[in-house]
Amino acid sequence: MQATVKWIDGVMFVGETGSGHAVVMDGAPDHGGRNMGMRPMEMILVGLGGCSSFDVVQILQKGRNNIVNCVAEISAERVDTVPSVFSKIHLHFVVSGRDLKVSAVERAVKLSAEKYCSASIMLGKAGVEITHDFEVLEV
């Protein structure tokens, strides 16, 4: 896996992945940015949410569950000192479907957290307290 990050100006950068996709990162105006992209630390949260959501959806689909939607709402806390690393991250999954069993969603979230989500497991090993919960909505 490879990526390139190119400086544009101020604190704006464009990151491009080996798969050919690009994203703009920028800082807040009080840090020299123009607020034209996600903050790098926000990208870590988005990556974590994407990684875990990918697992949850695939596990449920492989179990032939009638899943219609999955939203991961992620909240995080950072320490007040530099480096301002994450100390806690919470993922709340809102999973919608038809006749979804709570036990199936619970299993999918647990498997992602404990076995499959590389991002979650990596951050946990780095000392970040990561928690998960979920709700199931009938559609």
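The values are calculated or read from the model by the stated rules, or taken from the named source; none is laboratory data. Just so we're clear, the structure is a prediction, and the values are computed from it rather than from any experiment. All Cβ positions, glycine included, derive from the backbone under ideal geometry; neighbour counts span all protein chains shown. Protein only, heavy atoms only, side chains kept; ligands, DNA and RNA dropped before computing areas. Shrake-Rupley method; radii C 1.70, N 1.55, O 1.52, S 1.80 Å.
Within segment 107-119, restricting attention to residues that are surrounded by 15 or more Cβ atoms within 10 Å (Cβ to Cβ) and either of a type in the set (Ser, Thr, Tyr) or in contact with a Phe, Trp or Tyr (Cβ under 9 Å, 6 or more places away or on another chain) (or both), the residue that is nearest to PHE134 (Cα to Cα) is VAL109. Given the criteria within 30 Å of VAL24 (Cα to Cα) and not aromatic (Phe, Trp, Tyr), does LEU100 qualify? It is false that LEU100 is within 30 Å of VAL24 (Cα to Cα) and not aromatic (Phe, Trp, Tyr). Pairing residues of segment 36-49 that are within 17 Å of VAL85 (Cα to Cα) and open to solvent by 50 Å² or more (accessible area, probe 1.4 Å) with residues that are outside any helix (DSSP H, G or I) and modelled with pLDDT of 95 or more, at Cβ distances under 6 Å and at least 6 apart in sequence or on separate chains, gives MET38/MET25; PRO40/MET25. Here is the figure for segment 107-139: residues that are of a type in the set (Phe, Trp, Tyr) and touching a strand residue (DSSP E or B) at 6+ places or on another chain (Cβ under 8 Å) total 1. Against the condition at pLDDT 95 or above and over 14 Å from the mean Cα position of the chain (by Cα), how does LEU60 come out, does it pass? Considered against the rule, which asks whether it is at pLDDT 95 or above and over 14 Å from the mean Cα position of the chain (by Cα), LEU60 comes out as yes. In segment 55-72 there is at least one residue that is of a type outside the set (S, T, N, Q), touching a residue at least 60 places away in the same chain (Cβ under 8 Å) and closer than 14 Å to SER112 by Cβ. Cβ separations smaller than 9 Å between residues 6+ apart or across chains give the following pairs from segment 6-28 residues that are under 11 Å from PRO40 (Cα atoms) and open to solvent by less than 50 Å² (accessible area, probe 1.4 Å) to residues that are polar (S, T, N, Q) and not in a strand (DSSP E or B): ASP26/ASN35; GLY27/ASN35. Across segment 83-95, not a single residue is classified as in contact with a helix residue (DSSP H, G or I) (Cβ under 9 Å, 6 or more places away or on another chain), among the charged types (D, E, K, R) and surrounded by 12 or more Cβ atoms within 10 Å (Cβ to Cβ). Tallying residues that are over 20 Å from the mean Cα position of the chain (by Cα) and not acidic (Asp, Glu) within segment 21-35 yields 7. Within segment 18-46, the set of residues being over 18 Å from ARG78 (Cβ atoms) and either of a type in the set (A, V, I, L, M) or touching a Ser or Thr at 6+ places or on another chain (Cβ under 8 Å) (or both) comprises ALA22, VAL23, VAL24, MET36.
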